[in-house]
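The values are calculated or read from the model by the stated rules, or taken from the named source; none is laboratory data. Since the structure is predicted, the reported quantities are computational estimates derived from the model, not experimental observations. Positions of Cβ are backbone-derived with ideal geometry, glycine not excepted, and every protein chain shown enters the neighbour counts. Each accessible area value is taken on the protein alone, full model and side chains, heavy atoms only, with ligands, DNA and RNA left out. Shrake-Rupley method; radii C 1.70, N 1.55, O 1.52, S 1.80 Å.
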Amino acid sequence: MTLNVLVVGAGVSGPAFAMLLQRSNPKHKITILERSPTIRLGGQQIDLKNQGPHILRQMGLLDEIKAKCVDETGLEVVDSKDKTIARFGVAPAGQRRPGLTSEHEILRGDMVQVLYEASIRQNQSIKAQSEDPDTGLRYVFGQTIVALDQRENDNVDVTFSNGEKKRYDLVVAADGQWSHTRRLAFGEETSKAAFRSLGIHAAYFSLPRIENEATLAKAHLAPGRRMVFTRTSGRPVTGALLFTMQKSEKLSGCYRESIEKQKEAFAEAFRDIDWQADRLTSGLKSSSDFYAHELCQIKMKELSTGHVVLLGDAGYCPTPFTGLGTNLCLVGSYILAGELARHGRSNISAALRSYDEKMRPFIDECQSISPTTLSLFFPSSRLGIWAMHSLAWAVASFSERFWQGQEELKDDHAEKLPMYPELNLPW
Ligand SMILES: Cc1cc2nc3c(=O)[nH]c(=O)nc-3n(C[C@H](O)[C@H](O)[C@H](O)COP(=O)(O)OP(=O)(O)OC[C@H]3O[C@@H](n4cnc5c(N)ncnc54)[C@H](O)[C@@H]3O)c2cc1C
Ligand SMILES: *[C@@H]1O[C@H](CO)[C@@H](O)[C@H](O)[C@H]1NC(C)=O
Ligand SMILES: *[C@@H]1O[C@H](CO)[C@@H](O)[C@H](O)[C@H]1NC(C)=O
């Protein structure tokens, strides 16, 4: 009962899912297709919380991930003179505390690399003992798909960008919030309707570190609905995160253009910011890992159509502001692999229905942030900023007192996951 699966996208969810599926049956044929010529290591810090650390532990990767985690010691909100307004600590993995820093934070590139390398190690160590040369896991870089055809029942006929055609039992779209596979499978209209913009433009890149720059992250609110974070932790470079709720045609349109154009649009939007303006705009221009996107949530009524299924940001992007995107990717990878292993090749449709059903509570929880709440974090005037500073100060001092002397809460996130003995995980 082996499956022939195509996974589109080698970000976080593609390799994680592939590894879990392969563990359930080493004879599966799994192809991971990545549009870039290599894995994409861009991005800044991502949080690992809720079920994420537990799933990584099951996969035998938590120690390796922990070793790569950054050691950010908390967050300071600063005014335009760099004076501290409020300070937040680190939230232990099981707790919901205000602040930015989680116990496990890792650079996206490190996370992607660990998963990619682990998937190759696992593939090498599993002796498939199969005559079929296609057995196992393989990566195909520098290619994408241009057409999907599901007219033949229970099969997906895929046309690749090099003109090749191949038939699969299942196609997994793990190609991120702009998923091209989602568009091909569900149609332009459904795919577009699923995209809920939060009206926030975001850019992430690395800056040269200033000597003695603190391991504490800094957040600054600026007039014109702009927010900037710098995050250094123990690294030799500083991560910069720019967010703006400005309505700007130039920003909205830049994502379809070159990185140079995107940099230009962001440089213009942040040129006159009242904190670290020179450092940010010149750093932005010379950065080699610049990544920008419009923040959105993806809300799909169905996570699959026929034998094409959505995984990770492609199916249920919660937005980076929740800090839960990676968690949702890992939960999705685990449940999808688990359901496929349980139902087998003869009943892929039942597996996909069950995946959809079981994902809903996790998706709803991670997407519960409202655009209205978010917009409060982007005051337009100095008065609004003053109000936010007062609020930040109050929350920081209240939460400090509140958490003092509190017992560590028990982390019960793992208990919410369904169990899949079929995945052959240690549990
Ligand atoms: C370069 C980059 C930087 C990011 N930086 C941050 C960050 O700093 N902070 C943050 O919170 N989130 C960031 N994100 C988003 C974050 O990775 C996701 O929210 C989360 O990890 C979900 O992962 P995913 O695997 O579903 O999607 P992604 O991590 O987005 O991975 C999707 C993968 O699919 C590939 N792909 C896309 N289209 C195609 C196609 N048509 N054919 C084949 N392959 C395709 C992409 O190149 C990418 O490797 C970033 C994403 C990327 C791609
Ligand atoms: C996975 O293993 C198979 C053999 O079992 C091999 O043909 C294939 O190249 C390996 N894939 C990777 C990505 O190393
Ligand atoms: C597929 O699974 C569903 C639900 O578990 C079940 O009702 C159906 O009979 C199964 N079909 C086959 C062909 O096994």
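Mind checking which residues of the stretch 363-382 are exposed (fewer than 13 other Cβ atoms within 10 Å of the Cβ) and in contact with a helix residue (DSSP H, G or I) (Cβ under 9 Å, 6 or more places away or on another chain)?
Within the stretch 363-382, S368, L376 meet the criteria.
Sort out which residues of the stretch 62-119 are modelled with pLDDT of 80 or more, over 30 Å from F270 (Cα atoms) and open to solvent by 30 Å² or more (accessible area, probe 1.4 Å), and write them in order of number.
D63, E64, K66, A67, K68, Q113, Y116, E117
Restricting attention to strands (runs of 3 or more DSSP E) lying wholly within the stretch 1-50, give those where 2 or more residues are over 16 Å from A174 (Cα atoms) and under 20 Å from the mean Cα position of the chain (by Cα).
45-47
Find all pairs meeting these conditions: Cβ atoms under 7 angstrom apart; at least six residues apart or on different chains; first residue within the stretch 50-75 and without any contact (Cβ under 8 Å) to a residue 40 or more places away in the chain; second residue crowded, with 18+ Cβ neighbours inside 10 Å and among the β-branched types (V, I, T).
From residues that are without any contact (Cβ under 8 Å) to a residue 40 or more places away in the chain, the pairs are C69/I106.
Which condition number in (1) touching a Phe, Trp or Tyr at 6+ places or on another chain (Cβ under 9 Å); (2) within 23 Å of W178 (Cα to Cα); (3) at pLDDT 95 or above is the one that V228 fails?
(2)
From the list Y334, Y355, Y316, exactly one residue is within 16 Å of ligand 1 (Cβ to nearest atom), assigned by TED's automatic domain parsing to the domain that holds A16, under 24 Å from M245 (Cα atoms) and modelled with pLDDT of 95 or more. Which is it?
Values: Y334 fails: under 24 Å from M245 (Cα atoms); Y355 fails: under 24 Å from M245 (Cα atoms).
Answer to the check: Y316.
Tell me, please, whether a residue that is within 16 Å of ligand 1 (Cβ to nearest atom), of a type in the set (D, E), outside the structural domain of A222 (by TED's automatic domain parsing) and open to solvent by 20 Å² or more (accessible area, probe 1.4 Å) can be found in the stretch 281-292.
Residues of the stretch 281-292 within 16 Å of ligand 1 (Cβ to nearest atom): 283-284, 287-292.
In the following step, the residues that additionally are of a type in the set (D, E) were identified as 289.
Filter once more, keeping what is outside the structural domain of A222 (by TED's automatic domain parsing): none.
No, the conditions are met nowhere in the stretch 281-292.
Listed residues A292, A222, A269; which is touching a helix residue (DSSP H, G or I) at 6+ places or on another chain (Cβ under 7 Å), of a type in the set (G, A, S) and closer than 21 Å to I385 by Cβ?
Values: A292 fails: closer than 21 Å to I385 by Cβ; A222 fails: touching a helix residue (DSSP H, G or I) at 6+ places or on another chain (Cβ under 7 Å).
Testing whether each residue is touching a helix residue (DSSP H, G or I) at 6+ places or on another chain (Cβ under 7 Å), of a type in the set (G, A, S) and closer than 21 Å to I385 by Cβ leaves just A269.
Could you tell me whether the stretch 13-27 includes any residue that is farther than 16 Å from N123 by Cβ, crowded, with 17+ Cβ neighbours inside 10 Å, modelled with pLDDT under 95 and within 16 Å of ligand 1 (Cβ to nearest atom)?
Among the residues of the stretch 13-27, not one is farther than 16 Å from N123 by Cβ, crowded, with 17+ Cβ neighbours inside 10 Å, modelled with pLDDT under 95 and within 16 Å of ligand 1 (Cβ to nearest atom), which makes the answer no.
Looking only at strands (runs of 3 or more DSSP E) that fall completely inside the stretch 193-242, which ones have 1 or more residues that are more than 22 Å from H293 (Cα to Cα) and of a type outside the set (S, T, Y)? Before you say what the answer is, go through the steps one by one.
Values: elements: 195-208, 217-222, 226-231.
The strands (runs of 3 or more DSSP E) meeting that bar are 195-208.
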